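**Q** Pasting in a structure now, in structure tokens, and then I'll have a few things to ask.
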Amino acid sequence: RLHLVTWNVGTASPPPDVTTLLQLNSLGPTMDMYVIGLQEVNSKITNFLSDLAFDDPWSIFFMTVLSPLGYIKLSSIRMQGLLLLIFVKHIHLPFIRDIHTQFTRTGLYGYWGNKGGVSIRMSLYGHTLCFMNCHLPAHMENTEQRLDDFEKILEMQFEGENIPSVLEHDVLFWFGDLNFRIADYGIHFVRESINNKRYNLLWEKDQLNMAKKTEAFLKEFIEGPLQFKPTYKFDLYSDVYDTSEKKRKPAWTDRILWRVKHLCQNASKEGEFSEEEQTIFVTLNNYVSHMSYGISDHKPVTGTFGLELKPLVSVPLVVLNPEGEWSAEHDVIIRYSTVPEFPSSAWDWIGLFKVTFRHTNDYVTYAWVEDDEISSDKDSKQVYMSAAEIPAMGGEFLLCYYSNNLQSVVGISEPFQIQPSKTSTEKDLTEEENSWMQKPDNLESRDE
């Protein structure tokens, strides 16, 4: 279950609540993955430089909302105003591998990142997925420029890397402020059609729909029906279309499309391809806009998908467990085992995390798998963590094994309890919390 968001936030700060945007009150099953693509995130130079050193306010905002619900930030990429975030449930972490990010600038002839695309690709249960968030050139007359820029982004993403090209992925999701407009019709006809909910009159003049009929590289992309009002351009904090002097014509600028590779390969071989051979199905369950959000002149759009996978990878590379009872009264032991072909490294580490951790560097403490090893046999190994590093107040935690070679978490334990220390005092706890906040990120310095 995948929930994808695209939103041009117009340099605004996050809203007070995103419950409906993320469907957090949905009565159905919870989502397995959230993919959030934003455009026009505040990218003034001072903001951008500080965001390079620290997470930007939007990333922090979504982590604050989603981490208590059992999601961690798997990956993110930022290029000036373009931001792409992926959150997943803990349970899927060991089966998500080969994560790579990339950006392509197309603004100012490729020198400026106000327009372009950012991507995150991965292997999910052995299937390759790519998510691409784009912001294409504006204005009615720039259709050809939009198409040229998108074709350039497709060609340049992951070029020269030992990674499949974007179109070689099993599933590609393409979304963002694509800026395609409604051609030919005047503003009064467009607004009247919208008021009467006769959106079908406008579909045939939507520039993206027209381009999909003529441009070969677009024909394989699928989109759900546009059964919601055009999402651009609104007066702020309202559902009234542009009342400024410019009176911009409404348009479906904010879109979500997808492409399934095997459907493309077998479109020409109809009848020769059986469903039994198919290993991945993509189903669109919901494609809607959210009119209640008014912080920018665009309304956010979400797509809720079902991904049905035949797992090509079903065994985690590493299985790990805490040994015995854990508390700060004594050193503690972790036992782990790996599959025979696992590419271990001296730089691998096991982190202790609160169950509500936000991302892989949000650990409480960690152990190097080689430096802190205390025993080894053909079936498993043991690593210790010092009692001094174990949280005295206790609580619910889990362990994650991070692979340096694969740049991802490849094993995660079940949640377990750490018992409160019998000797800890309130003063000790305060000092401990302060020391965590001030502790340098040794992992990053060691990597450097």
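The values are calculated or read from the model by the stated rules, or taken from the named source; none is laboratory data. Model, not experiment: these values are computed from the prediction. A quick note on method: Cβ atoms are made from the backbone with ideal geometry, for glycine too, and the neighbour counts reach across all protein chains shown. Ligands, DNA and RNA are stripped out before the accessible areas are found, and what is left, the full protein with its side chains, is counted by its heavy atoms. Shrake-Rupley method; radii C 1.70, N 1.55, O 1.52, S 1.80 Å.
**Q** Out of the residues in the stretch 139-159 that are open to solvent by less than 30 Å² (accessible area, probe 1.4 Å) and in a loop (DSSP other than H, G, I, E, B), which is farthest from Met79 (Cα to Cα)?
**A** Within the stretch 139-159, the match that is farthest from Met79 (Cα to Cα) is Phe158.
One line per residue, one yes/no per condition, for (1) at pLDDT 95 or above; (2) under 22 Å from Ser296 (Cβ atoms); (3) among the polar types (S, T, N, Q); (4) open to solvent by 40 Å² or more (accessible area, probe 1.4 Å):
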{"site": "Pro230", "(1), (2), (3), (4)": "yes, yes, no, no"}
{"site": "Phe234", "(1), (2), (3), (4)": "yes, yes, no, no"}
{"site": "Tyr237", "(1), (2), (3), (4)": "yes, yes, no, yes"}
{"site": "Ser244", "(1), (2), (3), (4)": "no, yes, yes, yes"}
{"site": "Lys247", "(1), (2), (3), (4)": "no, yes, no, yes"}
{"site": "Leu257", "(1), (2), (3), (4)": "yes, yes, no, no"}
{"site": "His262", "(1), (2), (3), (4)": "no, no, no, no"}
{"site": "Lys269", "(1), (2), (3), (4)": "no, no, no, yes"}
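**Q** Specify the residue that is most open to solvent (accessible area, probe 1.4 Å); the eligible residues are those in the stretch 319-340 that are under 22 Å from Pro420 (Cα atoms) and touching a residue at least 60 places away in the same chain (Cβ under 8 Å).
**A** So the residue we want is Glu325.
**Q** Of Pro316, Pro343, which residue is in a loop (DSSP other than H, G, I, E, B), closer than 20 Å to Leu74 by Cβ and either open to solvent by less than 10 Å² (accessible area, probe 1.4 Å) or touching a strand residue (DSSP E or B) at 6+ places or on another chain (Cβ under 8 Å) (or both)? Quick ask: steps written out before the conclusion?
**A** Values: Pro343 fails: closer than 20 Å to Leu74 by Cβ.
Answer to the check: Pro316.
**Q** Please verify whether Tyr293 is at pLDDT 95 or above and either under 30 Å from Asn8 (Cβ atoms) or part of a strand (DSSP E or B) (or both), treating the condition exactly as stated. Please lay out each step first, then the result.
**A** Details: at pLDDT 95 or above: yes; either under 30 Å from Asn8 (Cβ atoms) or part of a strand (DSSP E or B) (or both): yes.
Yes, satisfied.
**Q** Then there's this: I'd like to verify a number: residues in the stretch 391-411 that are under 18 Å from Glu323 (Cβ atoms) and assigned to a strand (DSSP E or B), how many?
**A** 7
**Q** Failed condition for Thr106, given (1) closer than 20 Å to Cys264 by Cβ; (2) among the β-branched types (Val, Ile, Thr); (3) in a strand (DSSP E or B), with all others met?
**A** Among (1) closer than 20 Å to Cys264 by Cβ; (2) among the β-branched types (Val, Ile, Thr); (3) in a strand (DSSP E or B), the lone unmet condition for Thr106 is (1).
**Q** Scan the stretch 221-251 residue by residue and report those that are within 30 Å of Leu263 (Cβ to Cβ), hydrophobic (A, V, I, L, M, F, W, C) and not in a strand (DSSP E or B).
**A** Passing the criteria: Phe221, Leu226, Phe228.
**Q** May I pose another question? Among the residues of the stretch 377-407, write down those that are loosely packed, with under 15 Cβ neighbours inside 10 Å and of a type in the set (Lys, Arg).
**A** Once the filter is applied, which keeps residues that are loosely packed, with under 15 Cβ neighbours inside 10 Å and of a type in the set (Lys, Arg), the stretch 377-407 yields only Lys378.
**Q** Could you give every pair whose Cβ atoms fall below 9 Å, whose first residue belongs to the stretch 1-24 and is over 18 Å from Asp297 (Cα atoms), and whose second residue is at pLDDT below 95 and among the small types (Gly, Ala, Ser), counting only separations of at least 6 or pairs across chains?
**A** Arg1/Gly28
**Q** Among the residues of the stretch 160-173, which ones are surrounded by fewer than 17 Cβ atoms within 10 Å (Cβ to Cβ) and either outside any helix (DSSP H, G or I) or among the hydrophobic types (A, V, I, L, M, F, W, C) (or both)? Walk me through how you get there before you give the answer.
**A** Initially, the stretch 160-173 is screened for residues surrounded by fewer than 17 Cβ atoms within 10 Å (Cβ to Cβ), giving 160-162, 164-165, 167-168.
Matches in the stretch 160-173: Gly160, Glu161, Asn162, Pro164, Ser165, Leu167.
**Q** Could you please tell me which pairs satisfy a Cβ distance under 8 Å, a separation of 6+ or placement on different chains, a first residue in the stretch 254-274 that is in the same structural domain as Leu172 (by the TED database) and within 19 Å of Leu129 (Cβ to Cβ), and a second residue that is at pLDDT 80 or above and assigned to a helix (DSSP H, G or I)?
**A** Qualifying pairs under 8 Å: Arg255/Leu208; Arg259/Leu167; Lys261/Leu167; Lys261/Glu168.
**Q** Moving to a separate point now. Out of the residues in the stretch 122-138 that are assigned to a loop (DSSP other than H, G, I, E, B) and open to solvent by 10 Å² or more (accessible area, probe 1.4 Å), state the one that is farthest from Val260 (Cα to Cα). Give the steps one after another, and end with the answer.
**A** Within the stretch 122-138, the subset assigned to a loop (DSSP other than H, G, I, E, B) is 125-126, 136-138.
Subsequent filtering for residues that are open to solvent by 10 Å² or more (accessible area, probe 1.4 Å) retains 125-126, 137-138.
Numbers: Tyr125: 16, Gly126: 15, Pro137: 26, Ala138: 28 Å.
Here the residue is Ala138.
**Q** Here are the criteria: (1) of a type outside the set (Lys, Arg); (2) assigned by the TED database to the domain that holds Pro15; (3) within 27 Å of Pro68 (Cα to Cα). Tell me which single one Ser296 does not satisfy.
**A** In the conditions (1) of a type outside the set (Lys, Arg); (2) assigned by the TED database to the domain that holds Pro15; (3) within 27 Å of Pro68 (Cα to Cα), Ser296 misses (3) alone.
**Q** Out of the stretch 189-220, which residues are surrounded by fewer than 18 Cβ atoms within 10 Å (Cβ to Cβ) and not in a helix (DSSP H, G or I)?
**A** Within the stretch 189-220, Asn196, Lys197, Arg198, Tyr199, Glu204, Lys205, Glu215, Lys219 qualify.
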